[in-house]
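A short write-up of the structure that comes next.
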Amino acid sequence: MDSSLPIRLIATDIDGTLLNSQRIIPEENIRAIRAAQEKGIVVAIASGRYVENVYFLLKQYGLNCHIIGVNGAKITDEKRNPLIQHFIDPTAVLAVHQKLLELEVDYFIFGKNSVCTARKEVKHHSELSHGKEVESLGFRFYHGPEEAVKCCQAPVHKFFVCSGERTEEIRAQLQDIPGIELTRSGPLNVEVNPIGINKARGIKDLAERLGISLSQIMTLGDEENDIPMLETAGYGVAMGNGTDAAKAAARFVTDTNNQGGWAKAVKKYALEEE
């Protein structure tokens with residue numbers, strides 16, 4: 001890899017960033033990804049989604065990228081080979097699970113190769129849209145309170161809580177549990193990660209393995225869970241549709257995800273095209 005390149009790693013969020021509001025990757029973004037890779041730049045997807053979900057999304061567009069999944073808790077190469085994994089402390093897992101039961105909210109438990117819902121009738125959106133394809137990758141979906149208990153006895157990457165209008169209440173109830181870190185990917189959810197694990201940590205872990213300095217990294221995002229990586233990278237770029245907090249944390253702000261903002265930023269800062 002050419003160490004003289006100003007940007008050698010692009011790490012991007014998916015929802016609200018790489019995807020437009022129709023939840024598709026625009027053609028200009030696909031072209032920009034391929035152009036960056038042809039230039040020798042590593043492109044990594046840094047998402048709250050689990051790795052297999054991201055991998056299947058990329059496959060639909062013929063793309064292969066490194067993946068920093070579940071907010072930095074699992075990192076893989078372009079072929080989904082695991083590089084680094086982090087899990088919530090088992091004691092913290094049980095404490096979070098008990099608190100969520102008391103709060104009576106819907107939530108998802110993201111395990112090593114699985115996602116579990118506490119209610120049998122609730123399914124993760126990826127199971128509804130392309131569950132069979134994801135399962136073909138060795139991933140499993142579980143449902144119901146008994147399965148949730150079993151999943152909490154195995155390694156857990158993350159809890160995703162459907163908080164709705166109770167976001168602040170739920171954060172307040174969870175924040176004092178030792179061994180966890182709270183963030184969100186939207187105003188109506190709470191994400192529970194291992195302490196110290198976020199997208200910035202995931203990017204640092206990947207960059208260290210690749211011999212890339214933080215000054216040579218470009219990150220793109222729009223939400224609270226993107227702020228650590230926007231602050232850490234040499235080129236932190238917030239989307240025009242991003243939150244005020246994300247924009248404040250970034251070095252640059254581009255157009256929205258519906259106005260070609262992602263491709264414009266990559267062309268300007270990574271590909272050095274006007």
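The values are calculated or read from the model by the stated rules, or taken from the named source; none is laboratory data. All values derive from a computational prediction rather than experimental measurement. Quick reminder, even Gly has a Cβ in these numbers, built from the backbone with ideal geometry, and neighbours come from all protein chains shown. Accessible surface areas use protein heavy atoms only, side chains included; no ligands, DNA or RNA. Shrake-Rupley method; radii C 1.70, N 1.55, O 1.52, S 1.80 Å.
Kindly rank 50-56, 140-146 from highest to lowest mean number of other beta carbons found within 10 Å of each residue. Working shown, then result.
Numbers: 50-56: 24.0, 140-146: 14.9.
Highest mean packing first, the order is 50-56, 140-146.
Using only Cα atoms, what Kirkwood radius does segment 1-60 have, in angstroms?
Details: mean 1/r = 0.0805 Å⁻¹.
Computed over Cα pairs of segment 1-60, the Kirkwood hydrodynamic radius comes out at 12.4 Å.
Once the 1.4 Å probe is applied to the protein heavy atoms, segment 203-274 comes out at 43 Å² accessible per residue.
Please compute, over every Cα-Cα pair in segment 61-185, the percentage with a separation greater than 19 angstrom. Could you put the intermediate results ahead of the total?
Details: 3922 of 7750 pairs.
In whole percent, the share of Cα-Cα pairs in segment 61-185 beyond 19 Å is 51.
Modelled label positions at VAL253 and ALA154, each set 7 Å beyond Cα in the direction of Cβ, lie 4.4 nm from each other.
Compute the normalised compactness of the chain: alpha-carbon radius of gyration over 2.2 N^0.38 Å, N being the residue count.
Ratio of Rg to 2.2 N^0.38 Å for the chain: 0.97.
Calculated mean residue ellipticity at 222 nm for the chain: -9500 deg cm²/dmol, from DSSP H runs with n ≥ 4 weighted as -39500 (n - 2.57), summed, divided by the residue count and rounded to 500. What separates the Cα centres of segment 176-200 and segment 230-257 is a distance of 20 Å.
Taking each of LYS39/LYS74; LYS59/LYS132; LYS39/LYS79; LYS79/LYS199; LYS132/LYS204; LYS79/LYS204 in turn, the alpha-carbon distance tops 22 angstrom for LYS39/LYS74; LYS132/LYS204. For the pair VAL122 and LEU214, the difference between a 0.36 nm per residue extended length and the Cα-Cα distance amounts to 29.1 nm. Projecting label points 7 angstrom from Cα along Cα→Cβ for GLN60 and ALA35 puts them 2.4 nm apart. Normalised by 2.2 N^0.38 Å, with N the number of residues, the alpha-carbon radius of gyration of segment 118-234 equals 1.24. Annotation: for a label point projected 7 angstrom from Cα along Cα→Cβ of GLU27, residues of segment 241-261 with backbone N closer than 18 Å are 258-261. Pair-distance distribution P(r) for segment 1-108, from all Cα-Cα distances in 5 Å bins starting at 0: 2, 11, 18, 19, 16, 12, 9, 6, 4, 2, 0 percent.
Taking the mean number of other Cβ atoms within 10 Å as a proxy for protection, how do you rank 188-198, 18-28 from highest to lowest?
Working: 188-198: 21.6, 18-28: 14.9.
Result, highest mean first: 188-198, 18-28.
What relative contact order, as a whole-number percentage, does the chain give when Cα pairs under 8 Å and 6 or more residues apart are counted? The partial results should precede the final answer.
On the way: 584 pairs, mean separation 55.2, N = 274.
Value for the chain: 20 percent.
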